[in-house]
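What follows is calculated from the coordinates using simple rules that are stated; it is not laboratory data. Values in this document were obtained by computation on a predicted structure and should not be read as measured data. No Cβ is skipped: glycine too gets one built from the backbone with ideal geometry, and neighbour counts run over all protein chains shown.
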Amino acid sequence: MAGVQSIERAFLLLRALAVESAGVTELAGRVDLPKSTVARLLQALETEGAVERDDASNYRIGTVVADLFGGNPRRSLIATARPYLIGLSADIGEAAGLEVYENGWVQFIDQVVSDHDVQVRDWTGESGLAHALPTGIVFLAHLGAAEVDRYLSEPLEALTSNTMTDPSQLRERIIQARSAGYLWCFEEFALGINSVAAPVFGPDGIVAALQVHGPTYRFPHDPDANHDIGRQVADQAARLTEQLQGSRFLGS
């Protein structure tokens, strides 16, 4: 089973480097493995082109891994974002999702579930109206006035009794999302579900949003924690943004 363990550890290193480049000592501490083991695995991964060293001799994801996803930008985005979803779900204790925007709709393209016995539904592969989701409002906050005007000029459907459909109130929320860097929605897309989202930017503007959502009876566990949870999501979105803007994954 030694070979299986080596594969598991190699993927652990790749996931860690997908978040941020690092040297051997730092990476060993980050993944809680012996420095000698990490050095040996990195040497093997570097030989295969899976990792490479930058000008500071820190390791980062290599050309082979990048090229595996280079022909499909959305698949590249999902692969790059997944470690952040895993981290958010583990840290906050709820499901974390990745969403994109297209013509007034939010598309759910990936989700990582929590360890709770009671799980929220997995919406991967489905779509939702932008004004009913924090990710949609976050997108509208960064897509420009023309897109906002176009969207708010259309009839806005209420998906639950909490869905906000008044254009003037939605404009205020768009401003709030832009100012705070994240946005909460409380049972607006589906009854019994609360969610918070933050924007992710590529070289040419917003490309996605990270969202954490969970049942209303436990998420958020304390209304006073709303800001702290929102900042956690925004901080991870900012780290993903930094990686995307400096990587080849989106064709930059």
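Below are the figures for this structure:
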item: Volume per residue that the Cα convex hull of the chain spans, once the total is divided by residue count, Å³; result: 142
item: The range 73-245, relative contact order [Cα under 8 Å, separation at least 6], %; result: 22
item: Signed unit charges on C-beta, dipole axis of the chain, positive-most listed residue SER89, GLY192, LEU133; result: SER89
item: Centroid-to-centroid separation of the range 215-247 and the range 87-105 [C-alpha atoms, Å]; result: 9
item: Among ASP166, ASP224, ASP110: highest mean-square fluctuation, GNM of the chain, C-alpha pairs under 10 Å; result: ASP224
item: Placed amide H near VAL207: partners under 5 Å, 5+ positions off or other chain; result: VAL200, PHE201, GLY202
item: Per-residue Cβ neighbour rank within 10 angstrom, fewest leading, THR135, THR241, THR47; result: THR47, THR241, THR135
item: Phi to ³J(HN,Hα) by Karplus 6.51 cos²θ - 1.76 cosθ + 1.60 over the range 182-191, Hz, x for Gly, Pro; result: 7, 8, 9, 10, 10, 6, 9, 8, 8, 4
item: Highest-MSF residue in the chain out of GLN211, GLN232, GLN43 [GNM, Cα springs under 10 Å]; result: GLN43
item: Integer Hz, Karplus 6.51/-1.76/1.60 couplings in order for the range 165-173, x for Gly and Pro; result: 10, 7, x, 5, 5, 5, 4, 5, 5
item: Distribution of pairwise C-alpha distances over the range 87-198, 10 Å bins, in %; result: 15, 48, 30, 7, 0
